[in-house]
1. Identify, from the list ASP496, ASP500, the residue that is surrounded by fewer than 23 Cβ atoms within 10 Å (Cβ to Cβ), acidic (Asp, Glu) and either over 20 Å from the mean Cα position of the chain (by Cα) or under 19 Å from ASP308 (Cα atoms) (or both).
2. Restricting to region 487-531, give me the number of residues that are on the phi > 0 side of the Ramachandran plot and in contact with a Ser or Thr (Cβ under 6 Å, 6 or more places away or on another chain).
3. For residues in region 327-346 being under 24 Å from the mean Cα position of the chain (by Cα) and small (Gly, Ala, Ser), which is surrounded by the most Cβ atoms within 10 Å (Cβ to Cβ)?
4. On the basis of being at pLDDT 95 or above and within 15 Å of the ligand (Cβ to nearest atom), does THR385 make the cut?
5. State which residue is nearest to the ligand (Cβ to nearest atom) when the search covers only region 455-468 and only residues that are buried (at least 22 other Cβ atoms within 10 Å of the Cβ) and farther than 17 Å from GLN511 by Cβ.
6. Show me the strands (runs of 3 or more DSSP E) found entirely inside region 512-567 where at least 3 residues are among the hydrophobic types (A, V, I, L, M, F, W, C).
7. Would you mind stating whether ALA506 is away from the ligand (no atom under 16 Å from the Cβ) and surrounded by 22 or more Cβ atoms within 10 Å (Cβ to Cβ)?
8. Which residue is nearest to ASN264 (Cα to Cα), if the candidates are limited to region 101-138 and must be of a type in the set (D, E, K, R) and outside any loop (DSSP other than H, G, I, E, B)?
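The values are calculated or read from the model by the stated rules, or taken from the named source; none is laboratory data. Keep in mind the model is a prediction, meaning the values are calculated, not measured. No Cβ is skipped: glycine too gets one built from the backbone with ideal geometry, and neighbour counts run over all protein chains shown.
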Amino acid sequence: MMIRSFLYYLMVLLGLFLFAFCKNEGRSDLRESSIELGKCVWDKEGVVSCAHPEAARIGAEILQQGGNAFDAAIAMQWALAVCYPEAGNIGGGGFMVARKSDGSYLSLDFRESAPAAAHRAVYLDSDGERIEAKSTDTHYAAGVPGTVRGLYECHRRLSRMDMPSLIDPAIALAREGFPLTARQARYLNEHAETLRERNGAGTAFTRSGEWQVGDSLRQEDLAATLERISQAGEEEFYSGYTAELILAEMRQAEAWFQAEDLANYRAHWREPISCDWRGSKVVGMGPPSSGGIALCQLLAMADLLGLDSLQHNDLNYIHRFVEAQRRVYADRSEHLGDPDFYAVPVEQLLDAGYIAARVLDIDLLQASPSAEVLPGQFAGESMETTHLSLIDAEGNAVAVTTTLNGLYGSKIVVEGAGFFLNNEMDDFSTKAGSPNMFGLIGGEANAVEAGKRMLSSMTPTIVERDGALFMALGSPGGSTIITSVLQTLLNTLHFDMPPDSAIAAAKFHSQWLPDKVFFEEGRFRGGLLDSLAAMGHTPDSLASLGRMDLAVIQPDGTRCACGDLRADNTAAGHRANENP
Ligand code: DON
């Protein structure tokens, strides 16, 4: 009898071992034989690129399992919420621009919105002055998160796989942990004191000693939150137990969010912004993002300013684009905001005659001081975000940019739920004419109002060349996103650089105010900067500009993807035919 039961248990154990072994074998086959990860991957059937290798791997695995680009984008966004807590999020919001394989375009706005308690003076003291850091470092900095609604909205309309299968990989990452990159360990150490001050010592993000590269970050609270959402759907986040945890957290700020703010939050399908440029079609995000409009204005100005006669990054190239950007960002400050609250003059801003008039006063030899460049008028007219780019085997293309705004957003973790709240309210013009954390100023169009969405610079973009899908791209970088996307676009479309060189090329940025031109440190000749100064520009430097993610269709129809070498960005791709 004893021998029989011993044999029985032995068989069960053997069975379990074989099951686990086969499962793991399957997984490693999947990764080794047909999924490739790297800064760039070439000649693939489906590709993804994003800020972290774990999320890139998960995206490629979903594509390989037969998911489409939307499935993969959703799984990657859940994964980034775990493995990229700096900016990946469920406590923030973002935008998606997509081109379906039938050639139709969609754009989804899941930007955060101001809670009902918000009003114009909320960030001002009794003298009308800005209260230091209230819109960046406190509970009042958070807008109502949009990401979870956005993912479900996208899923309902465009997905093939069931949602739990897309959340599962993120739950596993949160529960089992993932190895921190050197950059992530450094950031967590640099911000440990603030994270402890705002959240106590009990979150997953701090520990007694310093974080080292390769340490595993396990997030039990976040795993449980994701599991609840997976089981009960989006309402769990907006009116279930997670909502209760968010509201409990908000009690520390006189109930900045109310239950209705969360329950009433909706994502919106919006009309994408598109423009034709030299045989290419560029499709981007409309208001409440400024990205699509600004990009199209700048491309039109590039033609008017004699792009064909200019060398990449030489004196005249930089001067002319800085002058164009001065005018485009001045327009942004005056005319752009949430279209549900403010009549954004989209057609006028993109009108060829208007754009031609805007560049008329550009002096080709001399900088125009920003103080003298006013936003255009119409006659009779009333530092952390994350992007993902994907193209699947069927030809669906997705560009998604989401953010918490600052690094780790407000750095406030919802107690018990394990995720950071955004500090997106700072993207509003919290005081007319006074700069936000990106130096951007604004007025009426982007003033704080209950229920309104704050203006964004996020620029998820899709490009067609000669009528066929060519590229999905985007970047983090606050106000510098627009100029990073523009330069990467010009590098590919105009200068014919391959994707890796287009990303690697040195970048510069200007935005009207502050009246400066920022250059990537050490990447532009001193003589060039001196010449620009002699023309009246004020050169300054930034350590780096943009962290691009590109997915591109190569001339033979295969796909490639590249992630920016300025950070941990990683591309991944699969070739289904290698692993039938
Ligand atoms: O929506 C925006 O424009 C900003 N909240 C984006 C912030 C950002 O890109 C920070 N990243 N470096």
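1. Being surrounded by fewer than 23 Cβ atoms within 10 Å (Cβ to Cβ), acidic (Asp, Glu) and either over 20 Å from the mean Cα position of the chain (by Cα) or under 19 Å from ASP308 (Cα atoms) (or both) holds for just one of ASP496, ASP500, which is ASP496.
2. Step one: of region 487-531, the residues on the phi > 0 side of the Ramachandran plot are 496, 512, 522.
Adding the requirement that they be in contact with a Ser or Thr (Cβ under 6 Å, 6 or more places away or on another chain) leaves 512.
Selection size over region 487-531: 1.
3. It comes out as GLY337.
4. No, not satisfied.
5. First, pick out the residues of region 455-468 that are buried (at least 22 other Cβ atoms within 10 Å of the Cβ): 455-463.
If we keep only those that are farther than 17 Å from GLN511 by Cβ too, we end up with 460-463.
Working: PRO460: 11, THR461: 14, ILE462: 19, VAL463: 21 Å.
By that ranking, first place goes to PRO460.
6. Details: elements: 517-520, 539-542, 549-553, 559-563.
Ranges flagged: 517-520, 549-553, 559-563.
7. Working: away from the ligand (no atom under 16 Å from the Cβ): yes; surrounded by 22 or more Cβ atoms within 10 Å (Cβ to Cβ): no.
So ALA506 fails the test.
8. Step one: of region 101-138, the residues of a type in the set (D, E, K, R) are 102, 109, 111-112, 120, 125, 127, 129-130, 132, 134, 137.
If we keep only those that are outside any loop (DSSP other than H, G, I, E, B) as well, we get 109, 130, 134, 137.
On the way: ASP109: 15, ARG130: 29, LYS134: 25, ASP137: 25 Å.
This residue is ASP109.
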